[in-house]
Amino acid sequence: MPPDSTKAIARNLVERLQRAGFQAFWVGGCVRDVLLGRQPQDFDIATDARPEQIEKIFSKTLPVGRQFGVMVVVENGRPFQVATFRAEKNYADGRRPGKVVFADARADAWRRDFTINGLFYDPVAEKLHDWVGGREDLHAGIIRTIGQPEERFAEDHLRLLRAVRLAARLGFEIEPATFAAIQSLAPQIKRISAERVRDELVKLFAPPETAGRPSSEAPAARGLVLLRESGLLEQVLPELAATITCAQSPEFHPEGSVFEHLRRMLAHMPAGASEWLPWAVLLHDIAKPVTAQKDPVTGAIHFYGHEKVGAVMAEEILRRLRFPRKPIAVIVACVRHHMQFKDVRQMRKATLRRLLLRPTFPLELELHRLDCLGSHGNLAHYEFLQAQAEELKRKPRIRPPLLTGKDLIALGMKPGPALGALLREIREKQLAEELKTKRQARAWAKKKIS
């Protein structure tokens, strides 16, 4: 659905609530984004209509949080959250309020997290309502809690991480008292579920929305630094915090520590990249701190086998954060294979082609490009692999194996380890272009079997 169409529907929902005699506004992040000239991801609506009244006005609703006054209105197949004005009290677990009471718009604004998220906008009258000082902070580029920072963060500890994410993604500064509270309360983030922490981190490290020049102010790169400065990094990703003091040999890594290497890679993150590329970046050298060895004679620093140890660590971290199985497999494959790229010019043709044909190769290649840009800047291997990949595209016959197990059984071979070994040998010769057709492969296999 086109963005303008979504915006028009959201305006229409407000208008229908107002025609029915209720107050209604766009609220939260959508107001912030519209005022910043950004395209909102969602339009949320707040109203003094109660859930049962919302159900009467709209034909299709879902009671996702009816007891809290939260409904979803489905219009043209698109969900919109419509919530009754409310105030919240008695937060005992750092996430959920113990008591919710329906209230007016001003009270609803004051229960929210940050001033820039506490703005209410009437799209029908085209009027902004600001009871919390959000407009001024939006113009100044400041993240500030509504009311006392300690109180807001005690209500929902995830707000500690959200403040960092908003600052990084919007290019804003965190107001000093708010930042001091984050540093003081950082350990409380451990009380939040892994799934909620993961979702914030995925948003924090997401590739940029628009293309731009590499910069330390790139959202993901700045987010990593803010996590470190806030004290949140050692709470949510302690293995990554260990890279801050992990030195590297200057002849290969003139940029310095592993942490600085990762920051520079994130600064080069391209717009439109896979959402899993930042995680491949963050985790590809995760085992360097635990594998570091310094040569007593030359002083060189080595990280033997860090890619293998790192693959195990990466899987443990991603499982801890409750990532789905598919992205775990993809990211772990990138970590495990990333050191192969330094040897691509010395690889046999068949070995190189197996690398090029891996399902994860496009992501691995982009990881390698960032790896180079985050250190020495030499893209010779990257350009070589690009050329090899283009050449392979012109040889579609290489992609599917020439023979299958059924073919070998038809030639008289029995199922077993020997059959698998012969299939691998045929595939090796195919990738080396020693066997080019099914007929050639069948004749060669028949001779081997006999």
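Structure above, values below:
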item: Net dipole in debye of the chain [+1 Lys, Arg Cβ; -1 Asp, Glu Cβ; about Cα centre; nearest 20]; result: 2820
item: Rounded tilt (10° steps) of 219-230 against the dominant C-alpha axis of the chain; result: 70
item: Dipole of the chain, positive direction: furthest Cα of Leu277, Ala140, Ala218, with charges on the beta-carbon; result: Leu277
item: Radius of gyration and maximum dimension Dmax of region 346-406, Cα, Å; result: 13.7, 49
item: Cross-link table Lys395/Lys447; Lys127/Lys190; Lys203/Lys308, entries beyond 30 Å C-alpha to C-alpha; result: Lys127/Lys190
item: Acute angle (nearest 10 degrees) that the helix 417-431 long axis makes with the longest principal axis of the chain, alpha-carbon atoms; result: 90
item: Convex hull volume per residue for region 17-133, taking Cα atoms only, in Å³; result: 116
item: Hydrodynamic radius by Kirkwood, which averages 1/r over all alpha carbon pairs of region 359-450, in angstrom; result: 15.5
item: Whichever lysines have a C-alpha closer than 18 Å to that of Lys393, once near sequence neighbours (fewer than 8 apart) are set aside; result: Lys349, Lys436
item: Over region 162-294: Rg over Rh, Cα atoms, Kirkwood Rh; result: 0.96
item: Diffusion constant of region 253-407 at 37 °C, which comes from Stokes-Einstein with the Kirkwood Cα-pair radius and 0.692 mPa s, µm²/s; result: 195
item: Calculated P(r) of the chain - Cα pairs past 38 Å, %; result: 40
item: Fewest-first sequence of Arg198, Arg345, Arg222 by Cβ atoms within 10 Å of each Cβ; result: Arg345, Arg198, Arg222
item: Cβ charges +1 (Lys, Arg) and -1 (Asp, Glu), total dipole of region 209-311, debye; result: 60
item: Surrounding net charge for Ala300, when Lys and Arg each add one and Asp and Glu each subtract one, Cβ distance under 12 Å; result: -1
item: Principal axis dimensions, largest first and in whole angstrom, of region 1-68 by Cα; result: 34, 23, 22
item: Proportion of all alpha-carbon pairs of region 218-335 beyond 17 Å (%); result: 57
item: Helix 194-204 vs. the chain, principal-axis angle (Cα, 0 to 90°, nearest 10); result: 90
item: Exposure proxy order (Cβ contacts within 10 Å, fewest to most) of Cys334, Cys30, Cys246; result: Cys246, Cys30, Cys334
item: Cα centroid of region 96-174 to Cα centroid of region 183-209, whole Å; result: 18
item: Binned Cα-Cα distances of region 249-301, short to long, each 10 Å bin given as a whole percent; result: 21, 46, 24, 8, 1
item: Global form of region 118-232, assessed from the alpha-carbon gyration tensor, a/c cut-off 1.5; result: oblate
item: Whichever aspartates and glutamates have a C-alpha closer than 15 Å to that of Lys7, once near sequence neighbours (fewer than 8 apart) are set aside; result: Glu15, Asp33, Asp42, Asp44, Glu75, Asp122, Glu126
item: Cβ-defined net charge surrounding Leu419, 12 Å radius [Lys, Arg +1; Asp, Glu -1]; result: +2
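Bear in mind that the values in this text are calculations on the coordinates, not laboratory data. All values derive from a computational prediction rather than experimental measurement. Cβ coordinates were reconstructed from backbone atoms using ideal geometry, including for glycine residues, and neighbour counts include every protein chain displayed.
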